[in-house]
Amino acid sequence: MESLGEILKRLQQQSIDARPANAHEILASVETEQIVPPCQICGGRGWLRRNVIIGHADFGRAQPCECQLEMSEDQRLSRLRRYSNMGVLSQLNFGDTIPDGRGGTVETKQKFRFAFDTAISYSSEPKGWLVLTGSSGTGKTHLAAAIANRCMERGQPVFFAFVPDLLDHLRASFNPEHELSYDELFEQVKSIPLLILDDLGSQSATTWADEKLFQVLNHRYVSGLPTVITTNTPIDDMDERTKSRLEDSLVAKIFDLGFHASNKILTGIGEIPSSMLQMMNFENFKFDNKTLHQSEKQTLEASFRMAQAYAKDPDGWLVFLGNSGTGKTHLSISIAKSQLDSGKEVFFTFVPDLLDHLRYTFSPDSRVTYDGLFEKVKRTPLLILDDLGAESATPWAHEKLYQIIVQRHNERLPTIITTRNLPSTQGDPIASRLNDPRVVQVMPIEAPDYRNSGSGSARQ
């Protein structure tokens, strides 16, 4: 029996790629897949809840099934990640998070630091609810994902759900041919030891959707089950029942990472902050640090030379591939600065922020239309997509990225991409284009994280 996360992930991929699969490929995948019978005790979930009365010390607590004791630590973590529905968000952790957030005012940095410290503490022993509010791009989902990954490292089951997708799958579970019945799916979501609901309030405002969400929230509220919630919607704008649960100080802690006026949310989208242009340029990119190994110096110098050449004549795509802190964004901004100094147009965006902004354009109070922003991204003379792969792995997000990448690939429009992992899944249309040597130059950067080197270099 597949886990909940595996089923949702597969259904999401099916909704993205509607092309009929090759029959031989399907048969081959079925024949080579290792089928592991589910545990007869826990049904394959890996955890159980004791049947005790409300008020008992073990009420609502997850107990590991005895089948987990037979697994190694790596096996347990791998299984928890498959169940979690985290997708690419399984890469996010507190170590890669900037404690003061990505830019902003002194006030927003202080807010993020407070939420960051609280999230670390919460991940060590989740109790009650943690509610992260704020505008798009303030780091809510990043912190929620980091909590989930830290909990899984400790062996705690987690389920991560983008709220609109969760409701879509609950609707689909009424179909008798669905892998999980509605009751099974709903029970797992309500009872998982740690549930993360991402983007509460972005779902369609229907009576059915509101009722299902409240049932989930109310069950976990009454049972005292740890829950992390992120939302772009001010809590005061939510319905009274939901608002009463989220504002109960005995259960929930609310952290506001900062709301902006609607006309500011999209102001400057695509623009590069002046502070980044000052800090990240070719003049202060360091690749001759004495602490670096020879091979690391060589890969940094090669990436530097390639970036300089591309800046003189942007043609095709350039992909910087490497871990956090290796200089990918620094080189991308250096290229952008060179183009801007020449009077050329550049559109720079952190990929999760771009998708948040595109979602926001559907709002009736948005001053930028979806079509206007989307067309600008697809056709801008030079597009820089920073941190591809850090976005939520939802069908909607994948489809929007696919449309952007296909348009620019077909027209060979200059595009720079930074990523920690180059997708290589066979049959993935995005991976296919990113691995096309006719259009794409991939520059792997193998170097230590400058932030932990003590070198003081501006490279990042």
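The values are calculated or read from the model by the stated rules, or taken from the named source; none is laboratory data. Please read all numbers here as calculations on a predicted model, not as lab measurements. Using ideal geometry, Cβ is built from the backbone for each residue, glycine included, and neighbour counts are taken over all protein chains shown.
Quickly run through the range 406-429 and pick out the residues that are touching a strand residue (DSSP E or B) at 6+ places or on another chain (Cβ under 9 Å) and within 20 Å of Leu89 (Cβ to Cβ). Once the filter is applied, which keeps residues that are touching a strand residue (DSSP E or B) at 6+ places or on another chain (Cβ under 9 Å) and within 20 Å of Leu89 (Cβ to Cβ), the range 406-429 yields Ile417, Thr418, Thr419, Arg420, Asn421, Leu422, Pro423.
Once the range 89-132 is narrowed to residues that are part of a helix (DSSP H, G or I) and of a type in the set (Gly, Ala, Ser), the residue that is nearest to Phe160 (Cα to Cα) is Ser90.
Summed over the range 356-412, the residues that are among the charged types (D, E, K, R), more than 26 Å from His169 (Cβ to Cβ) and either in the same structural domain as Asn93 (by TED's automatic domain parsing) or modelled with pLDDT under 75 (or both) give a count of 3.
Scanning the range 438-448 for residues that are buried (at least 16 other Cβ atoms within 10 Å of the Cβ) and either in a loop (DSSP other than H, G, I, E, B) or modelled with pLDDT under 90 (or both) returns Val439, Ile445, Ala447, Pro448. Checked against the criterion of being aromatic (Phe, Trp, Tyr) and surrounded by fewer than 18 Cβ atoms within 10 Å (Cβ to Cβ), the candidates Phe160, Phe114 yield just one match: Phe114. Going residue by residue through the range 268-285, is there one that turns out to be at pLDDT 90 or above, assigned by TED's automatic domain parsing to the domain that holds Thr138 and of a type in the set (Asp, Glu)? Among the residues of the range 268-285, not one is at pLDDT 90 or above, assigned by TED's automatic domain parsing to the domain that holds Thr138 and of a type in the set (Asp, Glu), which makes the answer no. Of all residues in the range 409-437, those satisfying the criterion of being within 16 Å of Val319 (Cβ to Cβ), free of Cβ contacts under 8 Å to residues at least 40 places away in the same chain and more than 20 Å from the chain's Cα centre (by Cα) are Leu413, Ser432, Arg433, Asn435, Asp436, Pro437.
Please determine whether any residue of the range 130-142 is farther than 28 Å from Ser275 by Cα and free of Cβ contacts under 8 Å to residues at least 40 places away in the same chain. No: zero hits.
Residue count for the range 413-437, restricted to those that are at pLDDT 95 or above and assigned to a loop (DSSP other than H, G, I, E, B): 2. If you filter the range 327-346 down to residues that are in a loop (DSSP other than H, G, I, E, B) and at pLDDT below 90, you find that the one that is farthest from Lys376 (Cα to Cα) is Ser342. For the range 217-224, the count of residues that are part of a helix (DSSP H, G or I), in the same structural domain as Ala145 (by TED's automatic domain parsing) and either surrounded by fewer than 12 Cβ atoms within 10 Å (Cβ to Cβ) or touching a Gly at 6+ places or on another chain (Cβ under 6 Å) (or both) is at least one.
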